[in-house]
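> For reference, the structure I am asking about is given below.
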Amino acid sequence: MYRYLSILILYIFLFTPLALNGTNFFTPNYSSIKKDYKITLLEDYSYEIEINQVTTIYDKKGLSHASYHFIIDQFTSLDNFDLKVIDPIKEKTIQKIKAKDLQERDLITSGSIYQDLTLKQFNLQSASFPVRVEMKLKLIKSGNFYFPSWRPRNFYHQKVEQARLEVNYPKSLGIRYKTQQFEGVFDDNSMGDFQTLVWTINDLAPVTEDTEETDLPKITLAPEKFGMDGFEARMDTWKNFGLWFYQLNKGRTKLPEGFKQELKEMVKGTDSSIEKIQILYTYLQKNYRYVSIQLGLGGWRPMESEEVLSKKYGDCKGLTLFMQAMLSEVGISSDYTLAKAGENTTFDEDFPSNQFNHAILRVRTGGKKYWLECTSSHLPAGFLGSFTRNRKVLVITPEGGEVDHTPTYSDPDYNTTIVNSSILLQQEGNAEIKGTLLQKGLPAESTVMKTYDKKEEEINNLFNGQIGGNGLIINSLSLDKQIEWQDIQTQINFTGMVQRYYKSTGKRVFIPLSWHTWEPNMENATGRYIEEVKIKKHRTLNPESIPPPLSITEENYELKMDIIIDKENIIIKKQIKFIDTDLLSKKEQSELLLALNKKTQGELVFTKQ
């Protein structure tokens, strides 16, 4: 479903001094850029993109960044391409590149069957610096469903001398825009039936990768009226935008009469809607496979359900619509839904536009809503998983688009990791170990995905390096899975030997507070982590230095740690409960994990007898 549009890639670096909080330092940047970007929308919904760009590179570290890549598909054609590589000291042209000289290859993504994407690219090769690249380009788009966002910088580590965006459009079609962190000059001019918008900005200092995307200047464009392959609609509201997708999907859920009877036989004797959903979802998972289809309008329009049935495959749109068709035949209402899948959950509800790359299904029954991920072969029915959880989505109904929110799955009791280990101390610092790792919810989903379709030996190799610290030798390992309605659990059982588990001197024994490398699932940043390690002493040990019980409550977590010592055992108990960590950035999540690890480090010191 994800439509590739023109991608402008110029990586550039130049050592340029910056001042931050009154302190001067050098940010590694190896080039400067001047660019002029012009978009012209025509009455027939087509539009042109013209780019005139000059990039000067000062160091070999920026050589690979001075490249140009763009993608051609059914809706995109290259009208002109002219590039010159120039020695700026001698003002001598080193190389000239035309459209026919560009490298070209079909762009086929993993799992694709139908795809009409062609990648054209230019890669700069030069041995002397500075070098200047002057590029002129013109692309023609046959529909205005989507406009590329505009940024003054092409990438981080780039000084912008000047950047200009000009947008021309018929007033009858309209264009909407939204600016982010733009502090340049803006002009708005009208001439007859056309409107012209111009943004200009000068002298932007380079920034590093640590800069948040929301802190960078950007201009986002979207149409008011749009057309694609003969389908016309409005995008000024989510309701109108959803009506276009409903129009695309209309009439594509028809199923053969014979298959309708099969569906009724599948659920025969079942009165519960939940059971019917489970039966049909399991049937979908076992008999149909996911493929990517990016051919023409197929980037947005699903395959017909009859075609999915006959070919036994479909993309996210086709499988979702097919599931909707099957549920309808057994009396269960559902809605085709658009989502922005992946880690980036940003959704601008105030700016209706194409912000989606995936399709899921919302099911309504018994006064409740449930969600189905129709491309998964391993998730339980009614559980979306981390790919599309906790985000706003656009539900497509006969009345138009409706913004909804997917479940967060953030209940700590639902997302739980429990580690139990029994350790028998031996001589010379070694130890025998036996343990289990129980995971529920999102942590279990991660384990199931890693081990799906893996053989026993592959699973053992996968977890051998992840169960404990250095020195672990696994003797046996098994994985149990439990996948039911809205519930997913895994349990790993293992035994092994740990070399150099503890340190021993003539008079003392030092035992680590933390040894497991299993960590709270920060990838999903939710849930509860519980660990209990029972260490059986191999000799009489008197406590000399034992950390006191720990209980810390902070904004995003609660941490408890306790140590119990009796005649035979040392028991270390830890528990971490995460609070609202979905609201943290990846960097903040990583920093939180490091802080938690630091708080639970240390040693138990015993005196030998």
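> For the stretch 550-569, give me each residue that is more than 14 Å from Lys599 (Cα to Cα), open to solvent by less than 40 Å² (accessible area, probe 1.4 Å) and touching a Pro at 6+ places or on another chain (Cβ under 9 Å). Please lay out each step first, then the result.
So the first thing to find is which residues in the stretch 550-569 are more than 14 Å from Lys599 (Cα to Cα), and the list is 555-556, 563-569.
Narrowing the set further to residues that are open to solvent by less than 40 Å² (accessible area, probe 1.4 Å) leaves 556, 563, 569.
Passing the criteria: only Ile563.
> In addition: How many of the residues making up the stretch 472-491 are among the charged types (D, E, K, R) and more than 18 Å from Asp453 (Cβ to Cβ)? If you could, list the steps in order and put the result at the bottom.
The initial filter retains those residues of the stretch 472-491 that are among the charged types (D, E, K, R), namely 480-481, 484, 487.
Then drop every residue that is not more than 18 Å from Asp453 (Cβ to Cβ), which leaves 484, 487.
Number satisfying all stated conditions: 2.
> Something else now. Could you check how many residues of the stretch 310-329 are in contact with a helix residue (DSSP H, G or I) (Cβ under 7 Å, 6 or more places away or on another chain) and either open to solvent by less than 20 Å² (accessible area, probe 1.4 Å) or modelled with pLDDT under 95 (or both)? Steps first, please.
To start, the set of residues in the stretch 310-329 that are in contact with a helix residue (DSSP H, G or I) (Cβ under 7 Å, 6 or more places away or on another chain) comprises 312, 314, 318-319, 321-323, 325-327, 329.
Filter once more, so that each one left must be either open to solvent by less than 20 Å² (accessible area, probe 1.4 Å) or modelled with pLDDT under 95 (or both): 314, 318-319, 321-323, 325-327.
The number of residues fulfilling the criteria is 9.
> Would you be able to tell me the number of residues in the stretch 347-381 that are within 18 Å of Phe322 (Cβ to Cβ), touching a residue at least 60 places away in the same chain (Cβ under 8 Å) and assigned to a loop (DSSP other than H, G, I, E, B)?
So the answer is 6.
> Can you report the number of residues in the stretch 189-216 which are touching a Ser or Thr at 6+ places or on another chain (Cβ under 6 Å) and open to solvent by 70 Å² or more (accessible area, probe 1.4 Å)?
1
> Within the stretch 137-172, work out how many residues are open to solvent by 60 Å² or more (accessible area, probe 1.4 Å), out of contact with any Phe, Trp or Tyr (no Cβ under 6 Å at 6 or more places or on another chain), in a loop (DSSP other than H, G, I, E, B) and not small (Gly, Ala, Ser).
Residues meeting the conditions: 4.
> Another question, if that's okay. Output the residue which, of all residues in the stretch 217-250 that are in a helix (DSSP H, G or I) and aliphatic (A, V, I, L, M), is nearest to Glu166 (Cα to Cα). Quick ask: steps written out before the conclusion?
Taking the stretch 217-250 as the starting set, the residues that turn out to be in a helix (DSSP H, G or I) are 238-249.
So of that shortlist, the ones also aliphatic (A, V, I, L, M) come out as 243, 248.
Details: Leu243: 30, Leu248: 32 Å.
Among them, the one singled out is Leu243.
> Oh, and also: Out of (1) surrounded by fewer than 20 Cβ atoms within 10 Å (Cβ to Cβ); (2) in contact (Cβ under 8 Å) with a residue 60 or more places away in the chain, what's the single condition that is false for Gly230?
Every listed condition holds for Gly230 apart from (2).
> Scan the stretch 294-309 and give yes if some residue there is under 30 Å from Phe75 (Cα atoms), open to solvent by 20 Å² or more (accessible area, probe 1.4 Å), free of Cβ contacts under 8 Å to residues at least 24 places away in the same chain and acidic (Asp, Glu), otherwise no.
Yes, the stretch 294-309 contains at least one residue that is under 30 Å from Phe75 (Cα atoms), open to solvent by 20 Å² or more (accessible area, probe 1.4 Å), free of Cβ contacts under 8 Å to residues at least 24 places away in the same chain and acidic (Asp, Glu).
> Is there a residue being within 30 Å of Thr76 (Cα to Cα) and part of a helix (DSSP H, G or I) anywhere in the stretch 322-331?
To start, the set of residues in the stretch 322-331 that are within 30 Å of Thr76 (Cα to Cα) comprises 322.
From the residues that got through so far, the ones that are part of a helix (DSSP H, G or I) too are 322.
Checking the stretch 322-331: at least one residue is within 30 Å of Thr76 (Cα to Cα) and part of a helix (DSSP H, G or I).
> Here is a further query. Look through the stretch 111-125, keep the residues that are open to solvent by less than 30 Å² (accessible area, probe 1.4 Å) and assigned to a loop (DSSP other than H, G, I, E, B), and return whichever of them is modelled with the highest pLDDT.
Leu124
> State the number of residues belonging to the stretch 364-380 that are buried (at least 22 other Cβ atoms within 10 Å of the Cβ) and either on the phi > 0 side of the Ramachandran plot or more than 22 Å from the chain's Cα centre (by Cα) (or both).
Total satisfying the criteria: 1.
> Tell me which residues, restricted to the stretch 392-413, are modelled with pLDDT under 95 and of a type outside the set (Val, Ile, Thr).
Applying the first criterion (modelled with pLDDT under 95) to the stretch 392-413 yields 407-413.
Of everything in the stretch 392-413, those that are modelled with pLDDT under 95 and of a type outside the set (Val, Ile, Thr) turn out to be Pro407, Tyr409, Ser410, Asp411, Pro412, Asp413.
> Looking only at residues that are among the small types (Gly, Ala, Ser) and within 26 Å of the chain's Cα centre (by Cα) in the stretch 426-463, which one is most open to solvent (accessible area, probe 1.4 Å)?
Narrowing the stretch 426-463 to residues among the small types (Gly, Ala, Ser): 429, 431, 435, 441, 444, 446.
Within this subset, residues satisfying the condition of being within 26 Å of the chain's Cα centre (by Cα) are 441, 444, 446.
Numbers: Gly441: 0, Ala444: 0, Ser446: 26 Å².
Looking at residues that are among the small types (Gly, Ala, Ser) and within 26 Å of the chain's Cα centre (by Cα), I get Ser446.
> Here is a follow-up. Conditions: (1) touching a helix residue (DSSP H, G or I) at 6+ places or on another chain (Cβ under 7 Å); (2) at pLDDT 50 or above. Met1 meets all but one. Number of the miss?
(2)
> Moving on to the next point. Out of curiosity, is Tyr409 touching a helix residue (DSSP H, G or I) at 6+ places or on another chain (Cβ under 9 Å) and farther than 30 Å from Ser514 by Cβ? Full working, then the answer.
On the way: touching a helix residue (DSSP H, G or I) at 6+ places or on another chain (Cβ under 9 Å): yes; farther than 30 Å from Ser514 by Cβ: no.
No.
> Which one is farthest from Val393 (Cα to Cα) among residues in the stretch 415-425 that are open to solvent by less than 50 Å² (accessible area, probe 1.4 Å) and either out of contact with any strand residue (DSSP E or B) (no Cβ under 6 Å at 6 or more places or on another chain) or small (Gly, Ala, Ser) (or both)? It would help to see each step written out before you state the result.
Residues of the stretch 415-425 open to solvent by less than 50 Å² (accessible area, probe 1.4 Å): 415-419, 421, 423, 425.
From what's left, either out of contact with any strand residue (DSSP E or B) (no Cβ under 6 Å at 6 or more places or on another chain) or small (Gly, Ala, Ser) (or both): 415, 421.
Values: Asn415: 23, Ser421: 42 Å.
Going through the qualifying residues, I end up with Ser421.
The values are calculated or read from the model by the stated rules, or taken from the named source; none is laboratory data. Computed from a predicted structure; not experimentally measured. Using ideal geometry, Cβ is built from the backbone for each residue, glycine included, and neighbour counts are taken over all protein chains shown. Heavy atoms of the whole protein, side chains included, go into the accessibility calculation; ligands, DNA and RNA do not. Shrake-Rupley method; radii C 1.70, N 1.55, O 1.52, S 1.80 Å.
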